[in-house]
Amino acid sequence: MALKLVSRSQWGARAYRTPNGATPYNRPRRGVKLHYLGTAYSDRAHDKCDDYVRQIQAQHMDGNGWSDIGYSFVVCTHGYVYEGRGLKRRNSANGSTSLNEQDYAVLLMVGSSGLAKPTDAQLDGARDAIEYCRQSGPAGDWLGGHRDGYATACPGDVIYAWVKAGAPRPAAQQEEDPMAGITKQDIYNAVWRTDLVAAPDSAGDRATNKTWQPESYLKDIGNRVRSLTVTVAAQSAAINALAEKVGSGADTKTVVQAVEKAIADAVVKVSIDVNGPDAS
Ligand SMILES: [Zn+2]
Ligand SMILES: [Zn+2]
């Protein structure tokens, strides 16, 4: 997932008040705390999301008297990440100055009623925001919610359980088929270009046969495995026959005949084992 960042100018943020709104972090952040709205919330079309973010900012600045929107980032149900105070600037959402200093604050636009469960896109967006804070904040690996160290229900049980589980990507994303969209021709091209097995017997055919398919490649490998199995069995039988005859006083001709018979028997037996009795 690529971060879908909506900058302050893109969502029409008001300028923050100074000096408080500009207070930088003076030590590394431990990690990221998540929040929810804690009020009724209903989902809306994405072109209405920035209205809601501006409304939160107005409430924080005009209602609470803060210098800016309290959160570092705000994630809408469509997975967009709105820049609140952003990186480097201390948030005012975690409950106290020391808590604000400790972790970034990321809000998921989810209510305590109405839309009360985050969407998959939103969880992806929250994960993007966490990674952005970690990489560019910087922030450490710690993850939690507003309720950690402060008496509040925020961010609700659903988001809290998710963040405490390590904020994993939604299952649909994790279980994406790694072969999706890969055609037989792609496999052919990859195999042909890299030539993973040195010169199989039919390499000449592959070079000239325009209808050569990946299945042919697998057949090449199968044939080579069979041939190796027979060779190993024959060598092993030869060694056993030698060990038996040498030192028994038998003459050279007898030893050679015994070894040849052992090899022939082993080859017949292994050929039947690997090819089946009807194989030619
Ligand atoms: Zn909160
Ligand atoms: Zn949205």
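Laboratory data are not the source of any read-out in this text; all were calculated from the coordinates shown. A quick note: this is a predicted structure, and the numbers were derived from the prediction, not measured. Here the Cβ positions follow ideal geometry from the backbone for every residue, glycine too, while neighbour counts run over all protein chains shown.
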What is the distance in Å between the Cα centroid of the range 1-72 and that of the range 99-146? 12 Å
So which chymotrypsin sites (Phe, Trp or Tyr not before Pro) in the range 1-42 are both in a DSSP loop and have at most 16 other Cβ atoms within 10 Å of their Cβ? none
Of the residues Pro19, Gln59, Ser9, the Cα lying farthest along the dipole of the range 1-64 towards its positive end, which is defined by charges on the beta carbon of Lys, Arg, Asp and Glu, belongs to Pro19
Can you work out the Karplus-derived ³J(HN,Hα) for every residue in the range 30-35? Use 6.51 cos²θ - 1.76 cosθ + 1.60 with θ = phi - 60°, whole Hz, and x for glycine or proline. 5, x, 9, 10, 9, 9
